[in-house]
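Here's the structure we're looking at; comments come further down.
The values are calculated or read from the model by the stated rules, or taken from the named source; none is laboratory data. Keep in mind that what you see is a predicted model, and the values were worked out from it rather than measured. No Cβ is skipped: glycine too gets one built from the backbone with ideal geometry, and neighbour counts run over all protein chains shown. Side chains are part of the model used for accessible areas, which takes the heavy atoms of the whole protein and leaves out ligands, DNA and RNA. Shrake-Rupley method; radii C 1.70, N 1.55, O 1.52, S 1.80 Å.
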Amino acid sequence: MNTLLTPLAGRRILLGVTGGVAAYKAADLLRRLKEAGAEVRVVMTTHATAFVAPLTFQALSGEPVRDGLLDPAHEAAMGHIELARWPDLILVAPATANCMAKVAQGLADDLLSTLLLATDRPVAMAPAMNRLMWANPATRANVETLLARGIQLLGPGSGDQACGETGEGRMLEPVQIRDAVIERLTTPGPLQGCRAVVSAGPTREPIDPVRFIGNRSSGKQGFAVAAALKALGAEVTLVAGPVSLPTPAGVKRVDVETTAQMLEAARTAVAGAQLFVSVAAVADYHVADVAPRKIKKHDASLPLVLNRNPDILSTLRAEFPALFMVGFAAETDDLETHARGKLERKGLQMIAANQVGDGRAFEVDRNALQVFWPGGSATLDEGPKADVARALAALIADRYRNP
Ligand code: PMT
């Protein structure tokens, strides 16, 4: 087997074709993926079949094309859950605005969207739509959501559009998509073989059965870091406080509530791991005596005695001296002084500091980080949390590989 001529030999690609004019280019893309050695199966949406006949894809792939969720014959041959786990990559090309919106919302109303919800495999999408649809705030928000979940976007390109307009939204050419797929499937990420644990979100400390002490962390930054480390090839476990976010594709998730539970879950997860990134906003205190019943409002004031929680990073530093540990620092002032203090006190290899207060960092979709390590620093400019996470993951990978 000549791996130079067939770099995708032995690789399985599930090609999802959705209903846009660019669907005709998907036939050429399929041919080029096959030429590169890939085994390709095609799933079409109903709208896609209005643009190109399934028979075209069947002839080119040598496999039956699937376009329905409830087809007994196809389900008997390979059930949709099995199909969702079959490929090394799910590639959606063209990906319409509608398809991207459905995936961002977690809808599963046809075979392709169901596969995309049921898969733990990497997903890449090649968007294709009118320039105004691409620029629409709804699509922008969906793009952020998809990127934060680790879905790779290939393009779109810019130029003449089928509708007669000119602008951003054209599907990349089949050879460009094929080359991106080859790069994705043949280049080992810098964190290949590395097991990473990420903590994210807040912890909650109960006061009584219905009340708790908590903080404003949404988990967005930590989930984006987990997705970014996964995209670099790491095997990622995400220890998540109480947040309402979907798990990034291919990431293992453990849900916890209190700081004590987060410590236990992180301790279990880091055994056998090489990297721990503590993005969680961990409660530093817990209520000394949690009321077994709901506290009634009889008195004018309600004193609560709070006891210190263990510091998760310091505890794990003592127990796992070889672990590469990255902390976060949420600071309202003297960012560098406080962050470098935590870097040293907690025995970290790196710390990412964000300015908080005045509506910054917590809960919002954007962030900016100052990253410090012994003898060095870097500034990660303000941007969507997914972009900041990708830049941080690249820095972590670099420092981890070349300490
Ligand atoms: O979740 P988002 O809404 O997206 O917001 C992101 C964020 C602002 C929560 C995140 O970017 C962030 O700054 N996380 C760290 C918040 C924090 O608790 O910072 P700290 O300076 O108090 O703690 C320093 C480090 O020690 C952190 O890595 C923290 O996880 C860790 N820690 C803290 C307390 C404790 N008991 N054990 C710990 O390990």
Considering only the chain, percent of DSSP beta bridges that pair antiparallel, nearest 5: 30 percent
Under 18 Å from residue 102, Cα to Cα: aspartates and glutamates that are on another chain or at least 8 residues apart: 67, 110, 120, 144
Length-normalised contact order for region 12-186 - Cα pairs under 8 Å, 6+ apart - percent: 23 percent
Among beta bridges that DSSP assigns inside region 12-186, antiparallel share in %, nearest 5: 20 percent
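So if we plug the beta-carbon distance of residue 71 and residue 141 into 1/(1 + (r/R0)^6) with R0 = 35 Å, what FRET efficiency do we get, rounded to 0.05?
Approximately 0.55, to the nearest 0.05.
Any of 34/385; 342/385; 294/342; 25/385 with alpha carbons more than 29 Å apart? Name them for me.
34/385; 294/342; 25/385
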The chain: most fluctuating residue of 390, 211, 293 per GNM, C-alpha cutoff 10 Å: 293
Residue 198 long-range amide H proximity, modeled H, under 5 Å: 237, 238, 239, 277
Region 195-401, accessible area per residue, ligands and nucleic acids excluded (1.4 Å, Å²): 48 Å²
Table column - 3J(HN,Hα) (Hz), region 273-284, Karplus curve with 6.51, -1.76, 1.60, x for Gly and Pro: 9, 10, 9, 10, 10, 9, 8, 4, 8, 8, 5, 7
Calculated FRET value between residue 338 and residue 158, using beta carbons and R₀ = 60 Å, to 0.05: 0.85
Chain lengthening between residue 208 and residue 288 when straightened (0.36 nm per residue, less Cα-Cα): 27.7 nm
Interatomic Cα distance distribution for the chain, bins of 20 angstrom, percent: 25, 49, 23, 3, 0
Alpha-carbon Debye profile of region 12-186, log10 I(q)/I(0) at 0.14, 0.15, 0.17, 0.19 Å⁻¹: -0.67, -0.78, -1.02, -1.31
Residue 82-residue 366 FRET efficiency (beta carbon distance; Förster radius 51 Å; 0.05 resolution): 0.80
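State the antiparallel share, in %, of DSSP beta bridges confined to region 195-401, rounding to the nearest 5.
40 percent
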Most fluctuating residue given options 178, 308, 366, as computed from a GNM of the chain linking Cα atoms under 10 Å: 308
